[in-house]
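The values are calculated or read from the model by the stated rules, or taken from the named source; none is laboratory data. Note that this is a predicted model, so its numbers are computed, not measured. Cβ atoms come from the backbone with ideal geometry, glycine included; neighbour counts cover every protein chain shown. Keep in mind that these areas ignore ligands, DNA and RNA; they rest on the heavy atoms of the full protein, side chains included. Shrake-Rupley method; radii C 1.70, N 1.55, O 1.52, S 1.80 Å.
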Protein chains: 2
Amino acid sequence: MTNIIIYNNESKAQRIVDELKNKNPIFVCVIANTETGKIKGISAAGQFPEVTDYTPPADVEYVLFGKPSCIPFIPVTPEGIPTPAIITKVSLNLADIPMIVVDGGLKVKPAIPFITIGGEPGNDIRTGRAAQNVAEVIKRAQILGQTLSKFSDYLVIGESIAGGTTTALGVLSAMGIDAKNRVSSSMPNNPHDLKIKTVEEGMKSAGIDFGDLKDEAVKAIEILGDPMLPALSGTAIGFAEEKPVILAGGTQMAAALAVINSLEPNVLENVAIGTTKWIIRDKTADLKGLVNQIKNIPVLAADLDFSESRFGGLKAYENGAVKEGVGAGGAAIAAMLKTGIDSAEINKAVEKEYERLMSLK
Amino acid sequence: MTNIIIYNNESKAQRIVDELKNKNPIFVCVIANTETGKIKGISAAGQFPEVTDYTPPADVEYVLFGKPSCIPFIPVTPEGIPTPAIITKVSLNLADIPMIVVDGGLKVKPAIPFITIGGEPGNDIRTGRAAQNVAEVIKRAQILGQTLSKFSDYLVIGESIAGGTTTALGVLSAMGIDAKNRVSSSMPNNPHDLKIKTVEEGMKSAGIDFGDLKDEAVKAIEILGDPMLPALSGTAIGFAEEKPVILAGGTQMAAALAVINSLEPNVLENVAIGTTKWIIRDKTADLKGLVNQIKNIPVLAADLDFSESRFGGLKAYENGAVKEGVGAGGAAIAAMLKTGIDSAEINKAVEKEYERLMSLK
């Protein structure tokens with residue numbers, strides 16, 4: 001499979017690729033809101049931070065229906081840059097992979113079926129009280145993962161939450177993983193200093209220091225995390241007890257890896273990260289450096305390429321915009337593994353879907 | 001399969017039994033609350049009508065965990081009669097059949113993962129405004145059914161709601177199906193007159209007569225139904241577009257059948273009812289008479305027998321207590337079809353599980 005880049009723990013990664021070929025995955029998207037995503041400059045939300053409450057439900061509605069129903073506009077920035085859900089949607093459709101949506105903690109609920117596991121929307125991590133009910137959500141998510149493992153051969157689990165790399169930095173830092181200047185961003189100019197300052201304020205509020213919560217993942221999430229992390233980590237744990245799991249995302253998945261490693265290290269035998277080329281080539285971040293501080297699980301990356309696109313909005317991905325999200329990389333990898341299509345077919349289908357999206361304007 | 005009674009449309013029922021042997025089902029339980037269930041004398045809830053808000057979540061928590069977590073007591077009446085979920089639990093465990101819970105409209109949410117599709121708790125049907133958001137719930141449930149059909153060979157879908165046979169009488173009557181004295185009851189003495197009076201009050205409040213909503217299932221549910229019906233019917237429609245569905249329950253499933261027949265009659269090719277022996281032998285009700293007024297789909301019944309039980313609480317089932325619920329009959333049928341076990345093994349496992357339950361007291 002030449003269009004899946006083997007990026008970490010090569011021998012094991014190759015075994016996973018071989019093992020999952022032609023198998024039937026289930027795609028889960030965990031969506032959640034957090035006030036952290038509304039901090040000015042943290043995310044790509046720009047001058048309308050309250051829009052970040054709508055982005056996650058809009059993403060999954062778009063994947064299912066072809067347009068959001070909770071907001072009256074298409075999921076494309078004013079500059080024409082589309083949500084990464086465009087890659088997810090196209091990949092799931094090409095390979096007929098079903099999606100299940102999990103509510104990690106939402107202020108705005110999507111108008112589609114979704115699974116509730118007791119999560120609440122997250123607070124601004126500068127308060128040092130980022131997320132509630134974390135242990136209970138992990139417990140219920142684990143049951144969910146166990147149930148889902150009976151329906152499919154492997155799990156691809158992604159997320160949509162604004163500000164997620166900042167909360168990832170928070171959790172990783174609390175757990176003693178050096179993540180400064182290593183988390184990615186959906187913007188070409190990665191605001192590392194702002195993220196670090198935000199996390200430091202949260203640590204100060206909670207009276208903790210770097211590494212103080214080395215083996216206390218639940219507390220690290222409660223203080224500096226977001227509601228996506230317990231839902232995603234718990235589901236992955238429950239599923240990985242039985243079958244393979246691909247954590248579908250960028251550097252946020254390093255935080256999920258740290259959580260899983262702290263709670264149920266044995267299941268990591270069944271866990272890999274699946275992301276995009278844009279994440280592993282991101283000069284402003286270091287996924288591999290994060291992962292290998294925790295556990296050298298395989299990292300796979302979908303070798304997507306929008307450089308030949310007719311549309312500036314897609315070409316922007318090649319210049320560091322967006323990069324990943326809504327499990328885009330993992331969904332593309334799963335589509336290639338299931339059907340044998342190459343990434344050129346995904347690029348082409350994205351091009352066509354982008355054209356359709358713009359015609360809805 | 002000698003322990004599955006073929007009760008209606010024999011030739012087609014036999015084909016379904018043959019077709020589903022050794023296949024992998026998914027079990028869905030739709031739970032909801034309605035004020036109708038609190039009308040004095042309507043349901044077995046007795047002198048504590050507010051307990052009916054807790055019964056549905058307690059049922060599914062019990063199936064998953066072996067004891068409820070939302071109430072501090074075991075799901076057994078003071079007379080020692082257990083919830084029908086005991087049959088469901090034992091059957092699903094014996095055959096390793098996964099359960100998915102759907103929130104049709106709950107006041108009390110279970111402490112387990114469940115699917116939300118926009119339902120609200122139901123009102124007292126005497127108001128003539130029984131349920132809200134019905135069309136939207138059906139639409140989302142249909143998407144859910146389509147998604148679930150990708151995970152399994154067939155669907156067994158049951159319910160837990162108090163007062164459900166009264167709301168079934170309401171919907172059936174509004175749709176012109178003669179259901180007076182034909183719906184079943186969880187009590188040996190079926191309070192037909194009270195149910196009829198309740199429905200008549202609802203009709204009067206809404207200004208409608210018997211049969212006025214013959215082809216208007218959504219309106220019939222809105223006026224005289226409950227929140228379980230749109231969730232269950234919609235899920236069944238979406239799944240039956242692709243694969244077989246067993247509506248798991250008693251005379252309430254005749255109301256679901258009427259709704260499905262009105263909205264998507266073509267999918268009925270893929271729909272059967274699965275219930276218990278106690279329902280088809282119920283002298284106070286007439287499931288076959290209801291079904292055949294609508295569409296002569298197959299009816300199967302699990303030939304369970306608690307007459308030899310050492311426990312009065314289980315023997316009570318042979319004297320007309322409980323009879324069905326939480327998809328007990330359908331779950332037992334699915335367990336027999338999947339594994340080839342006979343009903344004696346289910347009876348035995350129920351006996352053992354009842355003993356365990358009583359030891360928790």
Relative contact order (percent, whole number), segment B:4-359, Cα cutoff 8 Å, 6+ residue spacing: 26
Cut-off 12 Å between beta-carbons: net charge of the residues surrounding A:A85, Lys and Arg +1, Asp and Glu -1: -3
Rotational relation A to B, axis-closest Cβ in chain A, residue and distance rounded to whole Å: A:F151, 2
Antiparallel content of DSSP bridges confined to chain B, in %, to 5: 15
From the C-alpha gyration tensor of segment B:10-76, square roots of 5λ in Å: 33, 18, 9
Shielding of B:144-152 by partner chains, average beta-carbon count, 10 Å: 4
Range of Cα positions in segment A:4-359 per principal axis (Å), largest first: 51, 44, 38
Helix-only mean residue ellipticity at 222 nm for chain B, each DSSP H run of n ≥ 4 adding -39500 (n - 2.57), per residue, nearest 500: -12500 deg cm²/dmol
Residue-span extension gain [B:L194 to B:D96] - 0.36 nm each, minus C-alpha spacing: 31.2 nm
Cα convex hull of the protein assembly as shown, projected area averaged across orientations, nm²: 29.6
Neighbourhood net charge (14 Å Cβ-Cβ; Lys/Arg +1, Asp/Glu -1) for B:I74: -1
Position A:K348, label points 7 Å along Cα→Cβ, spacing to each other copy in nm (shortest first, one decimal): 6.0
By average C-beta atoms within 10 angstrom, highest first, the peptides B:326-334, A:337-345: B:326-334, A:337-345
Violating pairs (Cα-Cα greater than 18 angstrom) within the set A:K150/B:K150; A:K89/A:K150; B:K38/B:K197: A:K89/A:K150
Heavy-atom accessible area per residue - chain A, 1.4 Å, Å²: 35
Gain upon complete extension [B:R15, B:K214; 0.36 nm per residue less C-alpha separation]: 68.5 nm
Alpha carbon centroid spacing (whole Å) that separates segment A:91-150 from segment B:259-337: 35
Ranked packing of B:101-114, A:231-244, A:142-155, A:17-30, most packed first, by mean Cβ within 10 Å: A:231-244, B:101-114, A:142-155, A:17-30
Of B:P227, B:P56, B:P98, the one that fluctuates the most in a GNM where chain B has Cα springs shorter than 10 Å: B:P98
Over segment A:161-303, volume per residue of the alpha carbon convex hull, in Å³: 90
Largest to smallest accessible area among A:F311, B:F210 [probe 1.4 Å]: B:F210, A:F311
Relative contact order %, segment B:250-361, counting alpha carbon pairs below 8 Å whose residues are six or more apart: 27
Per-residue HN-Hα couplings for segment B:126-136 [Karplus 6.51, -1.76, 1.60; θ = phi - 60°; Hz; x = Gly/Pro]: 5, 6, x, 9, 7, 9, 10, 6, 5, 4, 5
DSSP-defined antiparallel bridges as percent of all bridges, the protein assembly as shown, nearest 5: 20
Heavy atoms of A:H192: accessible area, 1.4 Å probe, square angstrom to 10: 30
Delta accessible area of at least 50 Å² on complex formation, residues of segment B:98-115, 1.4 Å probe, chain isolated as reference: B:P98, B:P113, B:F114
Residues in segment B:215-234 that a label on B:N292 would reach, taking backbone N under 17 Å of a point 7 Å out along Cα→Cβ: none
Accessible surface of the protein assembly as shown [probe 1.4 Å, protein heavy atoms]: carbon and sulfur percent: 48
Neighbour net charge for A:G145 - beta-carbon separation under 13 angstrom, K R +1, D E -1: +1
For segment A:224-361: rounded, prolate or oblate by the Cα gyration tensor [a/c cutoff 1.5]: prolate
Amide H within-cut-off set for A:G225, under 5 Å, with H built and near neighbours excluded: A:A130, A:A131
Residue-wise HN-Hα coupling along segment A:200-211, computed from phi with Karplus coefficients 6.51, -1.76, 1.60 (Hz; x: Gly, Pro): 4, 4, x, 4, 4, 4, 8, x, 10, 10, 3, x
For segment B:301-312, 3J(HN,Hα) per residue [Karplus equation, 6.51 cos²θ - 1.76 cosθ + 1.60, θ = phi - 60°, Hz, x = Gly/Pro]: 9, 6, 8, 7, 8, 9, 5, 8, 5, 7, 10, x
Partner aspartates and glutamates for B:K295 [C-alpha distance under 13 Å; skip if fewer than 8 residues away on the same chain]: B:E264, B:E269
In the A-B interface, the accessible area buried, summed over both sides, Å² (probe 1.4 Å): 1900
Amide hydrogen neighbours beyond the local backbone of B:A248, cut-off 5 Å, H modeled: B:I157, B:G158, B:G274
